Amino acid sequence: MRTRSRVLLGLTGLLLSTYAADAAEVRVVSSGGLAAAFRELAPQFERATGNKRVIGWGPSMGTTENAIPVRFQRGESMDVLIMVGSALGDLVKQGKVMADTRVDLARSAIGMVVRKGAPRPDISSADAVRRTLLAAKSIAYSDSASGVYISGEMFQRLGIANEVKGKSRMIPAEPVARVVARGEAEIGFQQLSELLPVPGVDLVGPLPPELQKITVFSAGVVAGSKVPQEARALIEFLASPDAAPAIAKSGLEPMARAGRK
């Protein structure tokens, strides 16, 4: 309770010192990597400021309906983006996100799940992962950063791209763990923070260090936002030490350390 009060008081002080304005509606689009943490943190920001957030979810890349690049193509109104840092960097270069608002929020590792109760295969080394992939009947991976790495790099590094081609598939617009939970794939790969909240699966663990691909999730304000100050304040809160515990609980490594001022 003491920590919560400190968070809310700190937020209120920050925002009152930053701007004085009527409550605003901040439109946020986030990739799934920060979804669990944002669901916990956003109401705190809303209660402290009176600002309302409108949240949409979608992958950082790709061509599915809710993918962030597709939202730009159809002219959707957005204020804050939370997404894979490299993809956000591309949007900054294109002038779609204000460069001076970009903040790195957290680091994310890739993990593997099986259906709840199923045997947990060995993934403790690159050789073990190779054997597990060859033995699996079906493999699922995401349509965003982790899946691009799994299918476009890791399979090749392990020398099994041809062997797994016919039994592996990219999952668009849905958490990979849900597909595994339904029994539609034997094993699944995605960011740990996207695997952990899904019921019906068991986490086998993260990929071993020699195969691991760390993804940085970042936030930025969309160029032309009608509420840029409020959008900046939300990002400042998400990047603050007070937000770090919720980010860490979701399976991410926060860039800010809890309790550091």
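Return only the number of the condition from (1) open to solvent by 20 Å² or more (accessible area, probe 1.4 Å); (2) of a type in the set (A, V, I, L, M); (3) over 17 Å from ARG39 (Cα atoms) that ALA239 does not satisfy.
(3) is the only condition that ALA239 fails.
Output the residue which, of all residues in the range 103-120 that are open to solvent by 90 Å² or more (accessible area, probe 1.4 Å) and part of a loop (DSSP other than H, G, I, E, B), is nearest to PRO209 (Cα to Cα).
Among those that are open to solvent by 90 Å² or more (accessible area, probe 1.4 Å) and part of a loop (DSSP other than H, G, I, E, B), it is ARG120.
From GLY200, GLY251, GLY205, which residue is at pLDDT below 95 and either of a type in the set (Phe, Trp, Tyr) or out of contact with any strand residue (DSSP E or B) (no Cβ under 6 Å at 6 or more places or on another chain) (or both)?
Numbers: GLY200 fails: at pLDDT below 95; GLY205 fails: at pLDDT below 95.
Going through GLY200, GLY251, GLY205 in turn, just one is at pLDDT below 95 and either of a type in the set (Phe, Trp, Tyr) or out of contact with any strand residue (DSSP E or B) (no Cβ under 6 Å at 6 or more places or on another chain) (or both): GLY251.
For residues that are under 22 Å from GLU65 (Cβ atoms) and open to solvent by less than 10 Å² (accessible area, probe 1.4 Å), tally how many sit in the range 161-184.
Residues in the range 161-184 being under 22 Å from GLU65 (Cβ atoms) and open to solvent by less than 10 Å² (accessible area, probe 1.4 Å): 4 in total.
Out of (1) closer than 28 Å to VAL97 by Cβ; (2) loosely packed, with under 15 Cβ neighbours inside 10 Å, what's the single condition that is false for THR215?
With respect to (1) closer than 28 Å to VAL97 by Cβ; (2) loosely packed, with under 15 Cβ neighbours inside 10 Å, THR215 is out only on (2).
In the range 40-96, how many are open to solvent by less than 20 Å² (accessible area, probe 1.4 Å), outside any loop (DSSP other than H, G, I, E, B) and either charged (D, E, K, R) or without any contact (Cβ under 8 Å) to a residue 12 or more places away in the chain (or both)?
Qualifying residue count for the region: 1.
The values are calculated or read from the model by the stated rules, or taken from the named source; none is laboratory data. Since the model is a prediction, treat every value here as computed from it, not as a measurement. So basically every Cβ, Gly included, is an ideal-geometry build from the backbone, and we count neighbours across all protein chains shown. Just so you know, the surface numbers come from the protein's heavy atoms only, side chains and all, with ligands and any DNA or RNA stripped out. Shrake-Rupley method; radii C 1.70, N 1.55, O 1.52, S 1.80 Å.
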